[in-house]
Amino acid sequence: MNLSDVFRADHASAFGPATIGNMTVGFDVLGGTLSGLGDTVHLSLTPCKTLGQSNVSIESIQGTDSEQLPLAATENTAGKALLTLLKGESLNVDIAVRIEKGIPLGSGLGGSAASAVAAVVAMNALLQRPLTQNMLLKYALEGEAVASGAKHADNVTPCLLGGIAGVFSVEPLSVRSIPFPAGMSVAVVKPQVGIKTEAARALLSKQVTTSLMVKQQARLAGFILGCVTHDIPLIQDSFQDDWIEPQRKNLIPHFDAVKEAAAGEGVYGASISGAGPAIFALCKDLATAENALHRMRKVYEATATGALAWACEIPAEGAYILQETEGYSA
Ligand code: HSE
């Protein structure tokens with residue numbers, strides 16, 4: 001096989017943004033994208049050293065918590081996504097990977113998804129015949145699953161699509177972007193504890209009462225309808241979680257106090273981001289998010305709890321290509 005028949009270039013880089021899984025009312029179903037914060041993945045292709053046997057090697061991981069991440073491709077979310085893509089598409093090539101982590105490990109901000117999505121987006125930029133959105137999500141999901149122990153697509157989907165996204169089925173995959181009022185932004189604080197998604201999923205009760213199910217279904221429907229129709233009172237009334245939040249909040253230092261501090265004019269609600277420990281507040285705009293963030297941070301400052309903090313818009317764009325080299329040079 002001539003590599004230039006299949007690949008249009010031999011190296012590319014892509015950025016995958018941080019995401020908020022669940023978005024309070026959509027456990028495993030809804031996710032939102034964060035501007036600015038994310039992971040970058042650089043890929044370089046070379047012909048297979050061993051004929052017919054593709055290889056993915058993670059050459060370096062730099063940045064936030066990078067020393068704690070696995071270099072073995074089968075255990076790394078970017079590496080596993082690429083291995084699955086190569087196999088699924090019957091591609092024979094060796095890939096060298098460099099990862100720059102911006103998202104803290106075990107933060108609840110979709111770091112595993114961001115690296116996996118950035119990897120498949122960079123790979124897609126190199127293909128003569130690019131893959132569909134659903135195929136990219138499928139491969140990214142396989143990558144993310146090595147870290148979270150389950151296939152939930154509420155991080156990979158907004159990471160790829162941007163904005164707020166809904167996962168209406170995982171197998172077969174069915175996802176959609178959900179329109180939302182312009183300017184909606186979030187305040188995020190992450191106390192210095194790490195939570196493993198797998199552990200935070202294992203502690204959830206297998207049972208849900210009918211009355212709780214009814215309440216949360218109404219809130220999910222209300223939030224989505226409120227977003228689509230720009231019905232702010234409906235968004236605000238719906239943005240509450242009596243199902244997952246009470247089961248996980250004790251893992252997060254000062255959760256109740258931070259949530260209470262977030263409340264204010266233009267703040268629609270606050271809850272756990274993904275599996276935590278990050279806590280986020282959904283706000284009408286960035287200025288409101290910055291004010292909410294200031295109040296949320298003060299709780300951690302007053303209790304001498306180390307915490308990272310970001311105020312972010314919810315960007316319309318998800319993962320994007322940073323650079324690619326035209327023409328296959330090998
Ligand atoms: N929906 C997942 C969970 C998101 O809450 O377990 C993890 O980031």
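The values are calculated or read from the model by the stated rules, or taken from the named source; none is laboratory data. Remember, it's a predicted structure, so these values are computed and weren't measured experimentally. Here the Cβ positions follow ideal geometry from the backbone for every residue, glycine too, while neighbour counts run over all protein chains shown. Ligands, DNA and RNA are excluded from the accessible area calculation, which covers all protein heavy atoms including side chains. Shrake-Rupley method; radii C 1.70, N 1.55, O 1.52, S 1.80 Å.
Pick from Leu204, Leu86, Leu220: which residue has the top mean-square fluctuation in a GNM of the chain where Cα pairs under 10 Å get a spring?
Maximum among the listed residues: Leu204.
Going Cα to Cα from Lys101, which lysines come in below 20 Å? Please leave out same-chain ones fewer than 8 positions away.
Lys80, Lys190, Lys196
Can you give the charge dipole size of the chain about its Cα centre, rounded to the nearest 20 debye, using +1 on the beta carbon of Lys and Arg and -1 on the beta carbon of Asp and Glu?
Roughly 500 debye, rounded to the nearest 20.
Taking the chain as a Gaussian network, Cα atoms linked when under 10 Å apart, which of Ala113, Ala304, Ala122 shows the biggest mean-square fluctuation?
Looking only at Ala113, Ala304, Ala122, the largest GNM fluctuation is found for Ala304.
Taking a probe of 1.4 Å, how large is the accessible area per residue of the chain, in Å²?
42
Could you work out the local net charge near Ala292, counting Lys and Arg as +1, Asp and Glu as -1, over the other residues with Cβ closer than 13 Å to its Cβ?
Net charge in that neighbourhood comes out at +1.
Show that you can apply the helix-only estimate: for the chain, add -39,500 (n - 2.57) for every DSSP H stretch of four or more residues, divide by all residues, and state [θ] at 222 nm to the nearest 500.
Helix-only estimate at 222 nm: -10500 deg cm²/dmol.
Report, to one decimal in Å, the Kirkwood hydrodynamic radius for the chain based on all distinct Cα pairs.
20.0
Toward the positive end of the charge dipole of the chain, about the Cα centre and with charges on Cβ (Lys, Arg +1; Asp, Glu -1), which of Leu141, Leu322, Asn124 goes farthest?
It is Leu141.
Select from Ile314, Ile61, Ile164 the residue whose mean-square fluctuation is largest in a Gaussian network model of the chain (Cα-Cα springs shorter than 10 Å).
Among Ile314, Ile61, Ile164, the largest GNM mean-square fluctuation belongs to Ile61.
Would you mind working out the magnitude of the charge dipole of segment 30-147 relative to its Cα centre, with +1 at each Lys and Arg C-beta and -1 at each Asp and Glu C-beta, to the nearest 20 Debye?
I would put it at about 320 debye.
Order the following by accessible area, largest value first: Leu83, Leu160. Probe radius 1.4 Å; ligands, DNA and RNA are ignored.
Greatest to least solvent exposure: Leu83, Leu160.
So, with +1 on the Cβ of K and R and -1 on the Cβ of D and E, and no other charges, what is the size of the charge dipole of segment 185-313 about its Cα centre, to the nearest 20 debye?
So the magnitude is around 440 debye.
Within the chain, which complete DSSP H helices have Cα atoms spanning at least 20 Å along the helix axis and a mean Kyte-Doolittle hydropathy of 0.0 or higher?
For the chain, where a helix must reach 20 Å along its axis and average at least 0.0, the hits are 111-126, 133-148, 210-229.
Largest first, what is the accessible-area ranking of Thr46, Thr210, Thr84 with a 1.4 Å probe?
Thr210, Thr46, Thr84
Using a Cα-Cα cut-off of under 17 Å, which aspartates and glutamates could be cross-linked to Lys151, ignoring same-chain neighbours fewer than 8 residues away?
List returned: Asp28, Glu75, Glu142, Glu171, Glu198.
On the protein heavy atoms, probe 1.4 angstrom, tell me the percent of accessible surface of the chain carried by carbon and sulfur.
52
Please state the relative contact order of the chain as a whole percent: Cα pairs under 8 Å, 6+ residues apart?
Dividing the mean separation by the residue count of the chain yields 25 percent.
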